[in-house]
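Here is the structure we will look at.
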Number of protein chains: 4
Amino acid sequence: MKVLVLQGSSRENGNTELLANLAVEGIPHTTIRLREKKILPILDQRHEPDGFAAVADDYDEVIEAVLAHDTLVFATPIYWYGMSGHMKNFVDRWSQSLRDKRYAFKDALGQKQAYVITTGGDEPRIKGLPLIQQFQYIFSFVGMPFAGYIIGEGNKPGEIMEDEKAVADAERLRDRLLAT
Amino acid sequence: MKVLVLQGSSRENGNTELLANLAVEGIPHTTIRLREKKILPILDQRHEPDGFAAVADDYDEVIEAVLAHDTLVFATPIYWYGMSGHMKNFVDRWSQSLRDKRYAFKDALGQKQAYVITTGGDEPRIKGLPLIQQFQYIFSFVGMPFAGYIIGEGNKPGEIMEDEKAVADAERLRDRLLAT
Amino acid sequence: MKVLVLQGSSRENGNTELLANLAVEGIPHTTIRLREKKILPILDQRHEPDGFAAVADDYDEVIEAVLAHDTLVFATPIYWYGMSGHMKNFVDRWSQSLRDKRYAFKDALGQKQAYVITTGGDEPRIKGLPLIQQFQYIFSFVGMPFAGYIIGEGNKPGEIMEDEKAVADAERLRDRLLAT
Amino acid sequence: MKVLVLQGSSRENGNTELLANLAVEGIPHTTIRLREKKILPILDQRHEPDGFAAVADDYDEVIEAVLAHDTLVFATPIYWYGMSGHMKNFVDRWSQSLRDKRYAFKDALGQKQAYVITTGGDEPRIKGLPLIQQFQYIFSFVGMPFAGYIIGEGNKPGEIMEDEKAVADAERLRDRLLAT
C-alpha cells in the first residue's frame, strides 16, 4: 500500500496539515502540497474538435503521482464551506485526464481508496457536510471507493490538536492504513 | 438596482453563460468573466503578524465591481459537483477582503442580494444540492440574503435551452430583476 | 399512465394539497390521504426468525394502490425539515413489503416514476434540500427513477398559490404528465 | 446534568440502542423508548381558530420528561435515510408544544444540549448526512445547541459493537457527559 497525501492547504503547518501528518505518521507516504505546484484552472475544451490542449504546468506530474499510489488522502481546509481553490483547480482538471489517452484514468482510480481529511473553524461537523457529499459524488463518478473521512475543528494555528475526536480519528486511520 | 454577473465558466458561450444571459437579457448589467481575470488562489495569511500581503492580480478590480453593484449573480457550471475553480479561487480570496481596511466588505455584502445560476450534466438538480448548500453557508457568513437559485441541466453546447424548467426560471428571475 | 398522489399532509386543503392538486388537475389520478388511513409505525422484525408479522391496519391497501399505478407523487409538507410523520410511517413500512412474498415490491417500484411535491414556510428551497436528498436515497434504494421535485413556499392556508415559481413548476409537471 | 435518551428504535436491543446505552453507561439517565409510548402523528391545527385540541396519548408525558432534563440524546436508527417514524411523530408534535401555554417550550429547549446518535446499515456516514442536517435545522429552529452527533454502522443485531469508530465516539461522549 502506497499512500499519497494531496495537501490542499495554502498555509504551512496549518491545522489540516497537522491532522493529515498525524494520520500518516510512521507510514511511508508521499505528500504533495498543491500550493507548491503550478496548477492552472481548467479551460473546458471537452467540446472542442481537438479536445484538450496540453497545459504547461505541474498538473501531469501530480496526476502521475496519483496513479503511482494506492491510497489517496485528500487533505483540505474548509475554505468558504468547500475545498480550497488549490484543490478545486486540481480536481477540475480531472476532466482533462479522463480524456487523456496516455492514462486509463478512471479505471486506475477505481482501484484506489480515497480518504478525506478536512478541518475548519465554523462548525465544520455540520457546515462541512456539503463538502463531504461533494467528495462522495466526485469519488462515485470515477468509481473510487470513499473509504472514510475525518472532520476536525480548529481555527488558530495548532488548535486542531485540541480536538480530541479528530485526533482519535486520525490515529484510528493511521492504524487502519498500517494494517493494510 | 445594478446587476453584476460573476461568470465562473471556463468556456465561452457555455450553458451556464447562456442561462445567465437569458436571466439578465434587457436588463442593464455588468458581466465579469472570471476566466478572463488573473485571480490567484489564496495564500492564507490570516495568522501572520502583518496579515495579508497585497497580491498583484485582478482580484481587487473584481471586488470593486462587486461593491459597486446591488445584485450579484453567481453563475457557475457544476464542475465536479461544486463551483468552478475559477469561482472558488475568487471566493476564497474574500478572506482577504474581510480584513482589508479599505473596505467594509461584510457590511457592504449584507446590503446586496445574491442569486446563483448553475448548470450541470449529471443530475444537477440532485447532485448540485451540496453546492447550493455551500452557497447558503457562504452568503449566510457574510450576511448577504440568498434571494434565489436556478439549477439547469445541460451537457453539450447550447443544450440548456432545451431545459424548459431552467429557461422558465431564468425568465422569471429576469421579471423579478426588472421589477426591482 | 396511472397517477397516484400519496398525500402526507395532516391538514385538509393545506398548501401541499393545493399544489399537488394543481399538478394533477385534469389528469385521471387517485389521491390517497395518508392521514385518513391507519398506518402504524414499523416494528422492525427483519431479524426475527419468522420475519414480519402481519399488521392489522390499512398499510397493505395503500401498497396495493402503489403497485397499481405507474407514477407516484409523494406530496408532503415539510414538517420539521423532513417529511410528515404520516408519510414516514408509511415509507418505514416498505421494509416489510420488501420481504412480503405476495409482491415483487422492489422490482415493481423500479418500473415506476417518482415525483416529490413539498411545501414549507421556513426557507423551504434551502432547508428542504436534505429532504430531497433523503428521497433520492429512498428512490435509489428501490431503483425507482426520481423524475422530479417541486418545492413550494407557503405558510398560511392558500399562500402557496402566490408562489409563482411553485405554481409554474406544478403546471409544467401537469403538462409533462399529460404528455406521457 | 440530567440526561434523557429519546430512543426512536422500533426493535429491542437494536444497534442504536446498544450504542446509546454505551454512551450513557454509568451515567444517571432516563431512557424513553418512543415505541412503548402512544404518540399519534400530528394533526396540523396551527391555523384553526382554537388552535390545537388536546390529544389523548402519551405525548405530553414525554414532553414533560424532556423539560425535566438538561441533555437530550436523540437516538434513532436510520430508517429509509431518515429518523424513524416513531421519532418523527414525536418531533412533529413539537408544533403543538410550541403553542402550548402550559410551557415555554422553545425557551426551555434553548437551555438544553442536544446530541444525536444514529446507526444504519447502508453507508450511514454518507447517506445519514441529510438526517444530521435535518436535526441541525430542527435544533436551530428551537435555539437548542447541537452539541454533537455519532453515526454508527451496523445491520445485524449487535454489529454496531464492531464499528470501532462509533464505539470510540460513544465512549468519548460518555466522558464528556461525565465531565459536565
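The values are calculated or read from the model by the stated rules, or taken from the named source; none is laboratory data. This is a predicted model, so every value here is computed, not measured. Neighbour counts are summed over all protein chains in view; Cβ atoms, including those assigned to glycine, are modelled from backbone coordinates with ideal geometry. Just so you know, the surface numbers come from the protein's heavy atoms only, side chains and all, with ligands and any DNA or RNA stripped out. Shrake-Rupley method; radii C 1.70, N 1.55, O 1.52, S 1.80 Å.
Side notes on the structure shown:
- Flag if B:Met161 is within 29 Å of C:Tyr149 (Cβ to Cβ) and open to solvent by 10 Å² or more (accessible area, probe 1.4 Å): yes
- Among the criteria (1) within 13 Å of the chain's Cα centre (by Cα); (2) within 16 Å of D:Leu72 (Cβ to Cβ); (3) in contact (Cβ under 8 Å) with a residue 40 or more places away in the chain, the one D:Thr31 does not fulfil is (3).
- Output for segment D:84-112, where each listed residue is aliphatic (A, V, I, L, M) and at the interface with chain C (Cβ under 7 Å from one of its Cβ atoms): D:Val91
- Test set (1) open to solvent by 50 Å² or more (accessible area, probe 1.4 Å); (2) of a type in the set (D, E, K, R); (3) in contact with a helix residue (DSSP H, G or I) (Cβ under 9 Å, 6 or more places away or on another chain) - A:Arg11 fails condition number: (1)
- Condition met for D:Thr76 (surrounded by 18 or more Cβ atoms within 10 Å (Cβ to Cβ), of a type in the set (Ser, Thr, Tyr) and away from every other protein chain (no Cβ under 13 Å)): no
- Residues located in segment B:126-180, provided they are among the polar types (S, T, N, Q) and within 11 Å of another protein chain (Cβ to nearest Cβ): B:Gln133, B:Gln134, B:Gln136, B:Ser140, B:Asn155
- Pairs are defined by a Cβ separation below 9 Å, a sequence spacing of at least 6 or placement on different chains, a first member in segment C:46-66 that is under 27 Å from C:Leu4 (Cα atoms), and a second member that is at pLDDT below 90 and acidic (Asp, Glu); the pairs so defined are C:Phe52/C:Asp44.
- Hey, B:Glu36 free of Cβ contacts under 8 Å to residues at least 24 places away in the same chain and within 13 Å of another protein chain (Cβ to nearest Cβ) or not: yes
- Residues that are part of a helix (DSSP H, G or I) and either among the polar types (S, T, N, Q) or farther than 30 Å from B:Gly110 by Cβ (or both) within segment B:147-180 comprise B:Glu159, B:Ile160, B:Met161, B:Glu162, B:Glu164, B:Lys165, B:Val167, B:Ala168, listed in sequence order.
- A:Met144 meets each of the listed conditions (1) in a loop (DSSP other than H, G, I, E, B); (2) open to solvent by less than 50 Å² (accessible area, probe 1.4 Å); (3) over 24 Å from C:Tyr137 (Cα atoms) apart from (3).
- Residue within segment B:87-97 that is within 20 Å of B:Glu17 (Cα to Cα) and open to solvent by 10 Å² or more (accessible area, probe 1.4 Å) present: no
- If the condition is being open to solvent by 50 Å² or more (accessible area, probe 1.4 Å), under 26 Å from B:Ala179 (Cβ atoms) and touching a strand residue (DSSP E or B) at 6+ places or on another chain (Cβ under 6 Å), then segment B:14-48 contributes B:His29, B:Thr30.
- Flag if D:Ala179 is of a type in the set (A, V, I, L, M, F, W, C) and in contact (Cβ under 8 Å) with a residue 12 or more places away in the chain: no
- Lone qualifier among B:Glu171, B:Glu153 - being open to solvent by 10 Å² or more (accessible area, probe 1.4 Å), touching a residue at least 12 places away in the same chain (Cβ under 8 Å), acidic (Asp, Glu) and touching a Ser or Thr at 6+ places or on another chain (Cβ under 9 Å): B:Glu153
- Being over 19 Å from B:Gln133 (Cβ atoms) and either open to solvent by less than 10 Å² (accessible area, probe 1.4 Å) or not hydrophobic (A, V, I, L, M, F, W, C) (or both) holds for only one residue in C:Gln111, C:Gln136, and it is C:Gln111.
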